[in-house]
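Chemist: My structure is below; once you've seen it, I'll send some questions.
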Amino acid sequence: MNTLSKIACLLLICLLVACGDNDRFGPSSEWTIPSDEVMDGGPGKDGIPSIDSPQFDQIDDVDFMDDEDLIVGIVKDGEAKAYPHKILDWHEIVNDKVGEQEIALTYCPLTGTAIAWDRNVNGVLTEFGVSGKLYNSNLIPYDRETDSYWSQMDLSCVNGALLNMNIVTHHVIETKWQTWKELFPDAMVLNRATGFNRDYSNYPYGDYRTNDSNLLFPVNNDDDRLPAKERVLSIIGPTASKAYSIELFDTPKVIIDVVDGTEMIIIGDKEQNILLAFENSLDLTNLFIAVDQLPVVATRPDGTKIYSDGSIQGGPSDGAILDHPETFIGYWFALGAFYPDMEIYEL
Amino acid sequence: MKMLWLSLFICITNFSVSAQTCCTAGAPILSGITINSNQERNFALALKYDYRSINRLIQNNEVLVNDPRSRIGMNTIVKASMTFSPKWSAGIIIPFIYQERATISERASSLGQGDIILTGQYLVFAEAFSQLSWLASVKFPTGKINHLDDRSIFLSPDMQSGSGTFDFINQLSFAYNQIGGSLINIETGVLYRINSTNENFAATQNSDGRPYKFGNEFQYIISFKRPFTINKWFVIPDLSLQYRMANANVENHTIAPNSGGQWLNAQVGIYLLPKEKLSIRPYFSFPLYQNLEGLQITTKLGAGIELGYNFSLQKN
């Protein structure tokens, strides 16, 4: 083979490799959700910047939070971190590591949903960014490794190389600042040194959180069984899902219920602004709400104490940890749109 | 004769401060609306190129840094107008709009014809040194409104070339020439634009789309001009100030939280008149004050050039 032929072969190989890469990672028009219901929110891809090098403070050093402000907390391997809504409203995604777990905390201000995603996707560590697209008013993150687009509330890849793949999630605790401080007084808190100067004291969406008639983007299923902006805990099972409104818990209580064939423990208190769900794998009965004894959230007469991360101390199950179902909190209108068959728990 | 023509020229030049913030859908083409000559059977052609760097991120009136976004807008506007009688004239404006939205990971763009505007003007009065004109315009939904991104998703309404709506523009302008016997000329006017709602933005065969409305807006404009002669060339430097107040956009029948506000812009230009019927005007514009609702990316600098050709169809 002469030199010219070798160069031609080399160029051909380069061309094939380049074409292969494009096919694998290039933009695709194939969506698993109706593409004409995917909306361009306006700022563009990464126009809302994710936080990729988060900085944290100790709770005692935090001076920008009010007691009623909401946070999203993650507890892994003995490490607890809190992510204030005040910051998440402006960035929507934080790429971070909690304990030994690489996670991306995804948060959609328009649907009020915070879900922690595993950043190991298909065996590769990735970061997530904000695509600028919305489906049913909900965040569509994209992974920076394959440029695939994912639906936050559908928990799956909806466009790109990883089409149809499901995301692995990690449990979060969403509550108000005052409650979080009692749950995890040693937690670290995401601070405002994000690398972007934003007015974190200012909520960027006006009265959106409380105005039921204020939906910036349409959804494909208007479900008026509950007020649109009611905060609801959802439990998503493989074949069925169920909703628990925060209004059920105007007096604190523990609910034992079955969702998609699995018995669940739901603990809530509207005053403390906390809603938790655990799989009742230990067949615990006779549970009492204990949010007046935080960080304990429930107790049994036999001395069993259940904590917000599912860990148990005392009683016959001492040292056990309750598993979490697939669960997240969100505005009802969005849950009703994504999960039209979602059952609503009623007292 | 040349001085007479010069006076006429000053009368027919338009308010030229542009109105664009972050979107097209008609906003930048407001600057193309012209107060025409009151000379009967006068015909004017104009071609304007306008470039805007839209990369100032503002929250209320504070400029924020570290914005990953930048945008540019490049508009070419073709305008023709005809004066039918001493009182009445009419014109047409055809814009072509290019927009680009860039972030650290994406570059989306759109290029297409914008919405066409038809204008009619009535000269309320004209005296030796002053004139008052009323101008009414209708913007027709002729612009391209189905620009998609590289994943076949509709770009946002402010990235489309048109708005898909009939909009109405009312303008009243007063011009006073040779103030106090000087060569300084002043034009001042108000403009109000009423936008309607596109009920089916991004509609497809399978989807009804969603309602979208750009906010109505008010403008007050004042402009100063003074002619000079340099080596037998007429030149007319001009300075314009524009106050603009826009209501918030309405999206899905909900007030869009980060839209609307107040702008005070300045524009500096110079008319070069190399030939009797031809004018060339380079200009640049910049904001003096911006107080916007919420967080918005808005114009930092603008520049452009206008070519005008003006002739009479009347037989001498």
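The values are calculated or read from the model by the stated rules, or taken from the named source; none is laboratory data. Since the model is a prediction, treat every value here as computed from it, not as a measurement. Cβ placement follows ideal geometry from the backbone for every residue including glycine, while neighbour counts extend to all protein chains displayed. SASA here: full protein model, heavy atoms, side chains in, ligands and nucleic acids out. Shrake-Rupley method; radii C 1.70, N 1.55, O 1.52, S 1.80 Å.
Chemist: Let me make sure I get this right: for the stretch B:124-208, a, b and c are the square roots of the gyration tensor eigenvalues over alpha carbons, sorted descending. Under 1.5 in a/c it's rounded, otherwise prolate if a/b > b/c, else oblate. Which is it?
Modeler: Prolate, since a/c reaches 1.5 and a/b exceeds b/c.
Chemist: Using all Cα-Cα distances in the stretch A:26-190, what percent lands in each 5 angstrom bin from 0 up to the longest?
Modeler: 2, 9, 19, 22, 19, 13, 8, 5, 2, 0
Chemist: Give the lysines reachable from A:Lys45 as a straight Cα distance under 22 Å; neighbours fewer than 8 places away on the same chain don't count.
Modeler: Straight-distance partners of A:Lys45: A:Lys86, A:Lys133, B:Lys300.
Chemist: Turning to a different aspect of this structure: Could you give the nm distance between label points at B:Gln314 and B:Ser85, where each point is 7 Å from its Cα heading toward the beta carbon?
Modeler: Inter-label distance under the simple model: 1.5 nm.
Chemist: Calculate, for B:Ile186 and B:Leu111, the FRET efficiency according to 1/(1 + (r/R0)^6) with r their C-beta to C-beta distance and R0 45 Å; round to the nearest 0.05.
Modeler: 0.75
Chemist: With solvent modelled as a 1.4 Å probe, how much accessible area in total do chains B and A shield from it at their shared surface, in Å² to the nearest 100?
Modeler: Interface area, both chains combined: 2900 Å², rounded to the nearest 100.
Chemist: Further question on the same structure: How high is the relative contact order of chain A, given as a whole-number percent (alpha carbon pairs under 8 Å, six or more residues apart)?
Modeler: 17
Chemist: Now for a different question. Of A:Gln55, A:Met65, A:Val75, which is farthest along the charge dipole of chain A in the positive direction, counting Lys and Arg as +1 and Asp and Glu as -1 at C-beta?
Modeler: Checked the options; the winner is A:Gln55.
Chemist: Run lengths n ≥ 4 of DSSP H only: what is the helix-derived mean residue ellipticity at 222 nm for the protein assembly as shown, with -39500 (n - 2.57) per run over all residues, to the nearest 500?
Modeler: -2500 deg cm²/dmol
Chemist: How many angstrom separate the Cα center of the stretch A:223-274 from the Cα center of the stretch B:53-80?
Modeler: When both Cα centres are located, 44 Å separates them.
Chemist: Still on this structure, please answer the following. Where nothing but the Cβ of Lys and Arg (+1) and of Asp and Glu (-1) is charged, how large is the charge dipole of the protein assembly as shown around its Cα centre, in debye to the nearest 20?
Modeler: Approximately 5320 debye in magnitude.
Chemist: Would you work out the charge dipole size for chain B about its Cα centre, treating the Cβ of every Lys and Arg as +1 and the Cβ of every Asp and Glu as -1, and quote it to the nearest 20 debye?
Modeler: Details: 26 positive and 21 negative charges, 191 e Å.
Roughly 920 debye for chain B.
Chemist: Taking the Cα centre of each part, how many Å lie between the stretch B:86-148 and the stretch A:94-173?
Modeler: Spelled out, the Cα-based centre of one part sits 43 Å from the other.
Chemist: Still on this structure: Taking 8 Å as the Cα distance limit and 6 or more residues as the minimum spacing, I'd like the relative contact order of chain B as a percentage.
Modeler: It comes to 18 percent, rounded to a whole number.
Chemist: What does a probe at A:Tyr205 reach in the stretch A:77-100, counting residues whose amide N is under 17 Å from the point 7 Å along Cα→Cβ?
Modeler: Backbone N within reach: A:84-94.
Chemist: In percent, how large is the relative contact order of the stretch B:170-316, given Cα pairs closer than 8 Å and 6 or more residues apart?
Modeler: Relative contact order of the stretch B:170-316: 15 percent.
Chemist: If you don't mind, there's one more thing I want to ask. What trypsin sites (Lys or Arg not before Pro) does the stretch B:195-266 have in DSSP loop regions with at most 14 other beta carbons within 10 Å?
Modeler: Filter output for the stretch B:195-266: B:Lys232.
Chemist: Could you check the spin-label model distance between A:Asp283 and B:Leu47? Points 7 Å from the Cα along Cα→Cβ, value in nm.
Modeler: Rounded to a tenth, the inter-label distance reads 8.7 nm.
Chemist: So, one more: For A:Phe56, project a label point 7 Å along Cα to C-beta. Then give me every residue of the stretch A:175-202 with its amide nitrogen under 16 Å of that point.
Modeler: Under cut-off, by backbone N: A:180-194.
Chemist: Also, quick follow-up: Taking chain B as a Gaussian network, Cα atoms linked when under 10 Å apart, which of B:Pro68, B:Pro157, B:Pro141 shows the biggest mean-square fluctuation?
Modeler: B:Pro68
Chemist: If you don't mind, another one. Over the stretch A:26-190, what is the percentage of antiparallel beta bridges among all DSSP beta bridges, to the nearest 5?
Modeler: Roughly 95 percent of the DSSP beta bridges within the stretch A:26-190 come out antiparallel.
Chemist: Still on this structure, please answer the following. Give me the one-decimal nm value for the distance between modelled label points at B:Ala266 and A:Glu79, 7 Å along each residue's Cα-to-Cβ direction.
Modeler: Modelled inter-label distance: 5.3 nm.
Chemist: A further question on this structure: Taking the Cα centre of the stretch B:213-256 as origin and charging only Cβ (+1 Lys, Arg; -1 Asp, Glu), how large is the dipole, in debye to the nearest 20?
Modeler: Working: 5 positive and 3 negative charges, 61 e Å.
Magnitude of the dipole: close to 300 debye.
Chemist: Additional query: Residues with amide H under 5 Å of A:Glu230's amide H, sequence separation 5 or more or different chain, H placed in the peptide plane at 1.01 Å from N; which?
Modeler: Close amide H contacts, sequence-distant or interchain: A:Trp332, A:Phe333.
Chemist: Report, by chain and number, residues whose modeled amide H sits under 5 Å from the one on B:Tyr271, excluding near sequence neighbours (fewer than 5 apart, same chain).
Modeler: B:Ile236, B:Asp238
Chemist: Using a Förster distance of 41 angstrom, determine the FRET efficiency expected from the C-beta separation of B:Lys277 and A:Asn197, and round it to 0.05. Could you put the intermediate results ahead of the total?
Modeler: Working: r = 52 Å, r/R0 = 1.27.
That pair, B:Lys277 with A:Asn197, gives E of 0.20.
Chemist: Name the shape class, rounded, prolate or oblate, that the alpha-carbon gyration tensor gives for the protein assembly as shown, where a ≥ b ≥ c are the square roots of its eigenvalues, rounded holds for a/c under 1.5, and otherwise prolate holds if a/b is larger than b/c and oblate otherwise.
Modeler: prolate
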